[in-house]
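Enquirer: Sharing a structure with you now.
The values are calculated or read from the model by the stated rules, or taken from the named source; none is laboratory data. Quick caveat, the model's predicted, so the values are computed rather than measured. We place every Cβ from the backbone using ideal geometry, glycine too, and count neighbours over all the protein chains shown. Only protein heavy atoms, including side chains, enter the accessible area calculation; ligands, DNA and RNA are left aside. Shrake-Rupley method; radii C 1.70, N 1.55, O 1.52, S 1.80 Å.
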Amino acid sequence: MRSKTMEISGWGRYPRGVSRVVRPERMKEAVPPREGQVIARGQGRSYGQAAMSADGSVMLTERLNRFLDFDDRPGVLRAEAGSTIAEVLEAFVPRGWFPAVTPGTKFVSLGGCVAADVHGKNHHRVGTFGNHVEEIELVLADGQRKRCSPQQEKELFWATVGGMGLTGIITEIALRLIPIETASVIAQHHPARNLDESLELLEKREFDDEYTVAWLDCLARGESFGRSVLMRGHHAKISELPAEVKKPLEWESAQPRNIPASFPGWFLKPWGVSLFNRLYYFAQSKKKGPFVSSCEKFFYPLDRLGNWNRLYGRRGFVQYQCVVPSVHARRGLRLILEELARSGRASFLTVLKRFGAEGQGLLSFPTEGFTLTLDLPMTDSGLFPFLDRLDEIVLEHGGRIYLAKDARVKGETFRAMYPRFAEWQLIKAAVDLSNCFSSDLARLLAMGGAPT
Ligand SMILES: Cc1cc2nc3c(=O)[nH]c(=O)nc-3n(C[C@H](O)[C@H](O)[C@H](O)COP(=O)(O)OP(=O)(O)OC[C@H]3O[C@@H](n4cnc5c(N)ncnc54)[C@H](O)[C@@H]3O)c2cc1C
């Protein structure tokens, strides 16, 4: 397999680095190098440096995207790990199936979804992606191919689910899909006047649905501090659609529009963000009654702008996602949002979701509580000290941050946030003592090597 060097980055475009990349065409070519280190990369939709490696090589899995089998009795799809959610939707929505868990973009690989153990808007009901994986095939450091599942090699399975590609290369995944009657969602919006009400709505049974998420106006002040619009929805039944819909399962994928290379800088200035937030808040709050939405619009609104990460310019941006347990959420999230306001920074998109119980992935991010996501442009050298301060608040309130989004957390902070790291490290050492699988993220956080 030939290799070449190229500049790559995560979705946040920070950091950037030159890596040696290899691209297997067939599963049998997906083998670790005899010497040196490697990390698998799916679609590069993690934000920081999880799928980058300046010191080793990066294995692009995009050509490993064949569907191998589909059993429609339980609804289990067996596919190569480079297959994307977009490809699954295209092929299976018209047949009445949908991924049980999907992140906010469909341009992610199934391997990336297992490795980050991604969550959707339904975590409070169905858990993470890993909960819906029946089996994976993993290529280990010695080249051995191992089948792992919650029943077989289960320690290795749960170290790989959320293990950020550091236990091996996932080549194959058996994924359970859920049946749907239509390709539409019945959605409904509910404005919340402030932070307390935002959290209350997310907890209220009457407002619960298959999928819920709140979009928060992080720049509202005074009595409106923490106001949001709760957006909820469920897969529409045929009986819920207007009679004129003749092909209820038709999957229409809109062509994404691209952002021009030079986007006006004022857009990201606090007043530009404030204007956008205010307009968006009023526009979304108006949609009160239930309405029919396409799955595309409901699940993947950002995908409609092809390369929206370019909005942030060449310096890129950091997405900060944390979770704070419910008991401390009111105080913890208020402190974070107050700190953000004090810093004079503005997050273009601020999202609040409720998580259900913690899963079994040793390094999986979701744990019971509320998760807040901020998008912050790389404008000045004060950003990282500011985020360190947010880390302290999160840690003090028993929470953690999401590795798939991060680009700068300190190793000791990460270890304090992930109490099962030592357990994970023992499994990592048992299957990869020479630390063959490593990334820039792993080196930043000292995640490889023998446990100390
Ligand atoms: C617009 C947007 C919205 C998002 N919304 C959400 C969300 O709602 N919920 C959520 O949880 N995440 C969300 N994410 C993050 C995204 O789902 C994850 O980062 C996911 O891992 C990206 O998949 P990928 O194929 O691009 O992986 P990459 O970014 O290429 O890699 C991510 C990690 O997976 C590992 N990996 C990839 N393929 C393999 C493989 N075959 N074998 C072993 N390891 C592998 C890599 O080594 C790396 O550690 C979002 C990202 C974007 C850009």
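Enquirer: In what sequence, highest mean first, do 322-333, 338-349 appear when ranked by Cβ atoms within 10 angstrom?
Expert: Listed from highest to lowest mean packing, they are 322-333, 338-349.
Enquirer: Dipole size in debye (nearest 20) for region 140-286 around its Cα centre, Lys and Arg Cβ +1, Asp and Glu Cβ -1?
Expert: Rounded to the nearest 20 debye, it is 400 debye.
Enquirer: May I pose another question? Putting +1 on Lys and Arg Cβ atoms and -1 on Asp and Glu Cβ atoms, find which of 360, 8, 74 reaches farthest to the positive end of the dipole of the chain.
Expert: After comparing all options, I get 8.
Enquirer: Once every DSSP H run of n ≥ 4 in the chain is given -39500 (n - 2.57) and the sum is divided by its residues, what mean residue ellipticity at 222 nm do you get, rounded to the nearest 500 deg cm²/dmol?
Expert: Mean residue ellipticity, 222 nm, calculated: -7000 deg cm²/dmol.
Enquirer: How much length, in nm to one decimal, is gained on full extension between residue 410 and residue 204, taken as 0.36 nm per residue of separation minus their Cα-Cα distance?
Expert: 70.6 nm
Enquirer: Roll a 1.4 Å probe over the protein chains and send me the accessible area per residue for the chain in Å².
Expert: 42 Å²
Enquirer: Follow-up question, since we're still on this one. Which of the listed residues, 309, 291, 279, is farthest toward the dipole's positive end in region 278-318, when Lys, Arg count +1 and Asp, Glu count -1 at the beta-carbon?
Expert: It is 279.
Enquirer: Could you calculate the FRET efficiency of residue 331 with residue 420 from 1/(1 + (r/R0)^6), where r is the beta carbon distance between them and R0 is 25 Å, rounded to 0.05?
Expert: 0.50
Enquirer: For the chain, give the magnitude of the charge dipole about the Cα centre (Cβ charges: +1 Lys/Arg, -1 Asp/Glu; no others), in debye to the nearest 20.
Expert: That gives a dipole near 1120 debye.
Enquirer: Given charges of +1 on the Cβ of Lys and Arg and -1 on the Cβ of Asp and Glu, with all other atoms neutral, how large is the dipole of region 226-373 about its Cα centre, in debye to the nearest 20?
Expert: Dipole about the Cα centre, nearest 20: 580 debye.
Enquirer: State the percentage of accessible surface on region 168-233 attributable to carbon and sulfur atoms; use a 1.4 Å probe and exclude ligands, DNA and RNA.
Expert: The C+S portion of the solvent-accessible surface of region 168-233 is 44 percent.
Enquirer: Kindly point out which whole DSSP H helices in the chain project their C-alpha atoms 18 angstrom or further along the helix axis while averaging a Kyte-Doolittle hydropathy of -0.5 or above.
Expert: 270-286, 326-343, 383-396
Enquirer: If you don't mind, there's one more thing I want to ask. Which distance in Å, rounded to a whole number, links the C-alpha centroids of region 182-221 and region 13-41?
Expert: Each part's Cα centre sits 40 Å from the other's.
Enquirer: For region 57-205, rounded, prolate or oblate, judged on the Cα gyration tensor with a ≥ b ≥ c (square roots of eigenvalues), a/c < 1.5 rounded, else prolate if a/b > b/c? Don't skip to the end; give the middle numbers.
Expert: Numbers: a/c = 2.11, a/b = 1.55, b/c = 1.36.
The shape class here is prolate.
Enquirer: Can you tell me how region 1-108 classifies by the Cα gyration tensor, rounded, prolate or oblate, using a/c under 1.5 as the rounded cut?
Expert: Here region 1-108 falls in the oblate category.
Enquirer: So if we plug the beta-carbon distance of residue 339 and residue 243 into 1/(1 + (r/R0)^6) with R0 = 60 Å, what FRET efficiency do we get, rounded to 0.05?
Expert: Calculated transfer efficiency: 0.70.
Enquirer: In addition: For the pair residue 286 and residue 395, how long in nm is the line joining their label points, each one 7 Å along Cα→Cβ?
Expert: Label-label distance for residue 286 and residue 395, simple model: 4.6 nm.
Enquirer: Turning to a different aspect of this structure: Divide the volume of the convex hull of the Cα atoms of the chain by its number of residues and quote the answer in cubic angstrom per residue.
Expert: Considering the Cα atoms of the chain, their hull volume per residue is 142 Å³.
Enquirer: Rounded, prolate or oblate: which fits region 329-431, taking a ≥ b ≥ c as square roots of the Cα gyration tensor eigenvalues, rounded meaning a/c under 1.5, else prolate when a/b beats b/c?
Expert: Since a/c reaches 1.5 and a/b is larger than b/c, the shape of region 329-431 is classed as prolate.
Enquirer: By how many nm would the segment from residue 90 to residue 254 grow when fully extended, if each residue of separation counts as 0.36 nm and the alpha-carbon distance is taken off? Working shown, then result.
Expert: Details: separation 164, 0.36 × 164 = 59.04 nm, distance 1.17 nm.
In short, 57.9 nm is gained.
Enquirer: I'd like the distance separating the alpha-carbon centroids of region 304-382 and region 138-158, in whole Å.
Expert: 32 Å
Enquirer: In what order, largest first, do 237, 28 sit by accessible area if the probe radius is 1.4 Å?
Expert: Working: 237 105, 28 155 Å².
Correct descending sequence by accessible area is 28, 237.
Enquirer: Carbon and sulfur atoms: what percent of the 1.4 Å accessible area of region 1-157 do they account for?
Expert: On region 1-157, the fraction of accessible area on carbon and sulfur atoms equals 42 percent.
Enquirer: Hey, another quick one. If you add up the charges near residue 190, with Lys and Arg at +1 and Asp and Glu at -1, over every other residue whose beta carbon is less than 15 angstrom from its beta carbon, what do you get?
Expert: Residues near residue 190 contribute +3 overall.
Enquirer: Here is a follow-up. Hey, any idea what % of region 259-411's accessible area is carbon plus sulfur with a 1.4 Å probe?
Expert: The value for region 259-411 is 59 percent carbon and sulfur by accessible area.
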